[in-house]
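To start, the structure under review is shown below, and the notes come after it.
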Amino acid sequence: MAEYAGKIPVYIGKNPIALYTHQEDAIKTLNKEVSPKNEFSGLLVLPTGGGKTLTAAQWLMRDYIDQNKKVLWIAHRHTLLDQAKESFQSNAYKNILKKRNSFNYRIISSIHDQIDHIEAEDDLLIVSSLISENGLNSLIKNWIGKNIEHLILVIDEAHHAIAKSYRQLITTIKKKVTNFHMIGLTATPSRTSQNQQGLLKKLFPDDIVYKIDLRTLIIRGILAEPHFE
């Protein structure tokens, strides 16, 4: 079970991963817009391949985990859970986590660790969206209920957040946290129907925090021109 939970050491030196300009700009905007004293629910919009997960992970490491605040990351596919953990681990360097020598993580899903194994000392929980009602109650009792003042919820592929199961999870957690922060990551912040767009706006009332389009990243040479067959 060690591969699904444990302690990630912070390496001495500088992170060898250099962010692109748009990722640095996104982090600067998040720092400006997300106040630690107020509730916040907004979207980070980057095209597929634009580095949403890496950008969010580095920002969360600097502004939450390094400040002893808790991070709850929700995703709907197992590969996204593993990808998130790898992004946090790859950013575990002293120029990012300046106050800590390590942090604790746990991945929860049907093929990873179990939700009743959560410990209050876990700094980062990466959890499948397919969480049962009993699982949600356990999450609140054993973790959220003990970290009610310093918690951010991250919804990966946030356009899925309009689903009933997501909305129930978000509403339940929001009621338990003193200053609720939520960031949605997506390449597609809108849905086709007006009703779905309205639901997304209600869930993320602070709207889009930062956005860059596919064409801009292609022009900059970061992404390739797509060719459809």
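For region 202-210, the Karplus equation 6.51 cos²θ - 1.76 cosθ + 1.60, evaluated at θ = phi - 60°, returns couplings of 5, 6, 10, x, 7, 6, 7, 6, 8 Hz by residue, with Gly and Pro reported as x. With all pairs of different C-alpha atoms in the average, the Kirkwood value for the hydrodynamic radius of the chain is 18.0 Å. For the peptides 104-116, 164-176, 53-65, 70-82, residues were scored by their other Cβ atoms within 10 Å and the scores averaged per peptide; the highest-first order is 53-65, 70-82, 104-116, 164-176. Computed with the Debye formula from one identical point scatterer per Cα of region 65-125, without solvent, the log10 of I(q)/I(0) at q = 0.15, 0.22, 0.27, 0.30 Å⁻¹ comes to -0.47, -0.94, -1.25, -1.39.
Under the criterion of Cα pairs below 8 Å and six or more residues apart, the relative contact order for region 36-164 equals 31 percent.
Between Ser41 and Met182, Asp206, the built amide H atoms are under 5 Å apart, and every one of these is 5 or more places off in sequence or on another chain. For region 49-55, the Karplus equation 6.51 cos²θ - 1.76 cosθ + 1.60, evaluated at θ = phi - 60°, returns couplings of x, x, x, 4, 5, 5, 4 Hz by residue, with Gly and Pro reported as x. Computed about the Cα centre, the dipole magnitude for the chain is approximately 580 debye when only Lys and Arg (+1) and Asp and Glu (-1) carry charge, each at its Cβ.
With contacts taken as Cα pairs under 8 Å and at least 6 residues apart, region 124-190 reaches a relative contact order of 41 percent. Using C-alpha pairs under 8 Å with a sequence gap of at least 6, the mean separation divided by the residue count of the chain gives a relative contact order of 31 percent.
All of the numbers you see were taken from the coordinates with simple rules; none came from a lab. Please read these numbers as outputs of a predicted model, since none were measured by experiment. Every residue, glycine as well, gets a Cβ built from its backbone with ideal geometry; the counts of neighbours run over all protein chains shown.
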